[in-house]
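Notes for the one structure printed next.
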Amino acid sequence: MARAQRQKPRLAVWKFASCDGCQLTVLNLEDELLPLAGEVEIAHFLEASRATARGPYDLSLVEGSITTAHDAERIRQIRERSRFLVTIGACATAGGIQALRNFKDVKEFISIVYARPEYIATLDRSTPIADHVQVDFELRGCPIDRGQLLEVLTAFLHGRRPNIPAHSVCVECKRRGVVCVMVARGVPCLGPVTHAGCGALCPAHDRGCYGCFGPMETPNTASLSAWWRKLGVTDDGLVRAFRTFNANAPEFRKESERHEP
């Protein structure tokens, strides 16, 4: 009797409030995408195909933050149907750029932007997926790094923990032989408190790190702010620096609030 064919793990990719950039990183795997497609059944990925299959799913990748009551319920349903759930990108892990609403009155924004505010149903805050359901792993970045994404997919397919470094961008600068822009040129840089993953992209082009990958493990944001002050950065500048793609990440949020008037 012929041996039964091995059932492929089922992969699902979901979108919430986001720009689709992290989902596009999946499609931009290029040479790696075809072998990956041969190892898994892509059961739900509307960015790539309208064809979908009902759960359960072995691995769900989730992009985007929760900004509506409907999405808060939808992520709970996805969690129930997913063996493993991994959040991808700054929106899913820290609320994204849309989390700037968390520091202001969102009703005022709605009244200014929309001609018929009564048609808008939204929450006052933009929150990461982990605020609503259990998350098995968080992959940082705006957008995520394709190499790290491939490591996460490979790890879960083989039943191991992803090997993603938790150190800062400074380590990546040292490995590339990039001269520190803050020490050598006096350029404010978030590299000392930012999670690695970009390969020190901005410092390699003589620009300070913008914190795209969110806070590293145990960042000393207060010390960095003190050094930025010596470079002439004001409280307003510090608030703006910590309130970008990962504004709602606890470490960045607390540091920005510390310098708010």
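One residue stands out among those in the stretch 58-87 that are among the acidic types (Asp, Glu) and touching a strand residue (DSSP E or B) at 6+ places or on another chain (Cβ under 8 Å): the one that is farthest from Val13 (Cα to Cα), which is Asp71.
Scanning the stretch 14-31 for residues that are among the charged types (D, E, K, R) and farther than 17 Å from Leu153 by Cα returns Lys15, Asp20. Arg116 meets all of the listed conditions (1) modelled with pLDDT of 95 or more; (2) loosely packed, with under 14 Cβ neighbours inside 10 Å; (3) of a type in the set (Lys, Arg) but one, namely (1). Among the residues of the stretch 45-64, those identified as at pLDDT 95 or above and either more than 24 Å from Phe245 (Cβ to Cβ) or of a type in the set (D, E, K, R) (or both) are Pro56, Tyr57, Asp58, Leu59, Glu63. In the stretch 131-147 there is at least one residue matching the filter, namely being closer than 23 Å to Leu24 by Cβ and in a helix (DSSP H, G or I). Within the stretch 3-10, is even one residue crowded, with 18+ Cβ neighbours inside 10 Å, touching a strand residue (DSSP E or B) at 6+ places or on another chain (Cβ under 7 Å) and under 30 Å from Asn246 (Cβ atoms)? So far as the stretch 3-10 goes, no, none of its residues is crowded, with 18+ Cβ neighbours inside 10 Å, touching a strand residue (DSSP E or B) at 6+ places or on another chain (Cβ under 7 Å) and under 30 Å from Asn246 (Cβ atoms). The single residue among Thr25, Thr67 that is more than 23 Å from Gly147 (Cα to Cα), modelled with pLDDT of 90 or more and not basic (Lys, Arg) turns out to be Thr67. Residues of the stretch 69-90 that are hydrophobic (A, V, I, L, M, F, W, C) and either surrounded by fewer than 19 Cβ atoms within 10 Å (Cβ to Cβ) or touching a helix residue (DSSP H, G or I) at 6+ places or on another chain (Cβ under 7 Å) (or both): Ala69, Ala72, Ile75, Phe84, Leu85, Val86, Ile88. In contact (Cβ under 8 Å) with a residue 60 or more places away in the chain and closer than 24 Å to Leu11 by Cα: does that describe Asp136? So Asp136 does not fit the description; no.
The values are calculated or read from the model by the stated rules, or taken from the named source; none is laboratory data. Keep in mind the model is a prediction, meaning the values are calculated, not measured. Backbone-built Cβ (ideal geometry, glycine too); neighbour counts: all protein chains shown.
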